[in-house]
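I have placed the structure first, in the form of structure tokens, so that the comments after it can refer back to it.
The values are calculated or read from the model by the stated rules, or taken from the named source; none is laboratory data. Every value quoted in this text rests on a predicted model; they were computed, and no experiment measured them. Don't worry about glycine lacking a Cβ; one is built from the backbone with ideal geometry, like all the others, and counts go over all protein chains shown. SASA here: full protein model, heavy atoms, side chains in, ligands and nucleic acids out. Shrake-Rupley method; radii C 1.70, N 1.55, O 1.52, S 1.80 Å.
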Amino acid sequence: MIGLTSKMGKDDGMISNGFYWNLGIGFPSFKGTDITDSKRESQGVQFTLEAGNQWMFVKSDRIGFGLNVSWLTIGGSVYKLEGIDENVYDFHLGLLRFGPMASVGFGDNAAVDVFFNLNPTVKYNFWSTDQFDSNTLIYGAAWTPGVKFRFKKFAVGFENSFGRLKAQDLENSDVKAVKLSYMNPRILLGMKF
């Protein structure tokens, strides 16, 4: 009985520091901002895996404020550009995404997390046709607000990354980088420990 009481005393409940991982289903798209009559192009359905931590600096039994840090997000998708019949392969890498977060607990088993992150983003796109090959690096920083509902260790949520990125053709470095309007709404399924 003493061991059980001691263990429960160390449990911070739903408003606590911890490690998390998320499986994501995203719907990234971009639109050239330098190109007149540019249409928004879908990059297909993108599956991602994300690992991160959250720290609560100010907290009570039901409310906490702190920092959300995603150490690594990796993902990929396959899509077609308008007018090109070949598949384009998109590889997504997100490094050290961070920002403020707030958590509200409901009872002993449920909480809602709200966050707003700065999201450095790197994407590599490759496709090959009979006429040419293309290697494109897409990079920059996006903003990512989101919300997660947690029940015990399980979480489900939604976020949307948006911002201005640059696309550089790696096959021809003389070509100036193109500016893109980027958007990536994402559904999240994960766990927090």
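Numbers for the structure displayed
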| quantity | calculated |
| --- | --- |
| Over the chain: helical MRE at 222 nm, DSSP H runs n ≥ 4 each giving -39500 (n - 2.57), nearest 500 | -1500 deg cm²/dmol |
| Accessible surface of the chain [probe 1.4 Å, protein heavy atoms]: carbon and sulfur percent | 65 |
| Using θ = phi - 60° and Karplus 6.51 cos²θ - 1.76 cosθ + 1.60, couplings along region 41-50 (whole Hz; Gly, Pro as x) | 9, 7, 9, x, 8, 10, 9, 10, 10, 10 |
| Other-chain or far-sequence residues with amide H under 5 Å of residue 80's (modelled H) | 88 |
| In region 123-174, the chymotrypsin sites (Phe, Trp or Tyr not before Pro) that fall in loop regions by DSSP, at most 12 other Cβ within 10 Å | 132 |
| Under DSSP loop assignment and at most 16 Cβ neighbours within 10 Å, longest GluC sites (Glu not before Pro)-free interval of the chain | 87-170 |
| Residues with amide H under 5 Å from that of residue 142, placed H, sequence gap 5 or more | 119, 121 |
